[in-house]
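One structure below.
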Amino acid sequence: MEKKIMINKSLNKKDLKISFILTLLCSIGTIFVLLYQSNLIPSEINGMSRNAILLISFIQSVALIFITSFLGLKLARATNFNKGILGWAYSQEKNRYKINKKSLVIAIGISFLCATLMMISEKFLWSVYIPEINGSMYKFNIIYLLSGIIYGGIAEEVLLRLFTLSLIVFILYKIFARKKDKTNIPNSIYLISIFIAAILFALGHLPITISTFNIVDMAVILRMLILNGIPGIFFGYLYWKNGLEYAIISHMFIHIFMQLFWSPILF
């Protein structure tokens, strides 16, 4: 009993330490997001200044990241998401962490494929139905790029993969799995959960989609679901098979390929 208590305390300390690190990184990304969005916020809303609104938004975002990362780490262990850096962090061995080159190549390859499909469809399909895409939407902005790399790459993966995907797997596993052994969770549960998390990831882009186009019609909704849902499926698969860091890397490189490679070519 005492040994179990000691193990739980040790795990809680590691969870807190990793959560603080993730929160710090995500805080930097949040600052870039708020800097980019600051010009879209009126100088005053209901008697509250723009700076006050930005400060409240920052505090809420940081608190959300910390809570979801802390809970997500526990859920990840409970659902066998222990590959890659998470498995290394909780290992009793003192080996130095080494990135898997094959997994890295796969992650970057997926990001290039997704960025290519996204940007080509933007230029030759979606822009036909949504003319605003041909305007200033893809003009280079370093703040927007950094917010995508840091906030999109880290914070969104913490929220949607580490926490949400792990939670969905945990719930479905508890409800439907006959064997209550986390090492034998059926692949079907992971695949269904990856799809659900990807849909939630896509729907989470609704506010920014509305503010970008100022309209909500079928073309805008389909574009949002497809362009965000498909990468979300790949991110979930990378988290499951390779580890959280590869989902983060892939997410980061999508923004890099979109903004620094395809945008100058197509727009």
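Read-outs: derived from the displayed coordinates by stated rules, not from any lab. Treat the numbers as computed from the prediction; the structure is a model and nothing was measured. With ideal geometry, Cβ positions are generated from the backbone for all residues, glycine too; neighbour counts draw on all protein chains shown.
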Entries of Lys102/Lys174; Lys17/Lys174; Lys17/Lys101; Lys102/Lys241; Lys74/Lys174; Lys101/Lys241 with Cα pairs more than 21 Å apart: Lys102/Lys174; Lys17/Lys174; Lys17/Lys101
Dipole of the chain, positive direction: furthest Cα of Asn12, Tyr138, Leu54, with charges on the beta-carbon: Asn12
Spatial separation of Cα centroids for segment 181-253 and segment 143-179, in angstrom: 9 Å
The chain: calculated mean residue ellipticity at 222 nm from DSSP helix runs of at least 4, using -39500 (n - 2.57): -21500 deg cm²/dmol
Estimated FRET transfer efficiency when R0 is 22 angstrom, pair Ser10-Asn82 (beta carbons, to 0.05): 0.90
Cα-based helix-to-principal-axis angle, 101-121 vs the chain, degrees rounded to 10: 30 degrees
Rounded to the nearest 20 debye, dipole of the chain from Cβ charges on Lys, Arg, Asp, Glu: 1460 debye
Cα-based helix-to-principal-axis angle, 187-203 vs the chain, degrees rounded to 10: 30 degrees
The chain: angle of helix 218-241 to the longest principal axis, Cα-based, in degrees nearest 10: 30 degrees
Burial order of peptide ranges 13-19, 234-240 (average beta-carbon count within 10 Å, highest first): 234-240, 13-19
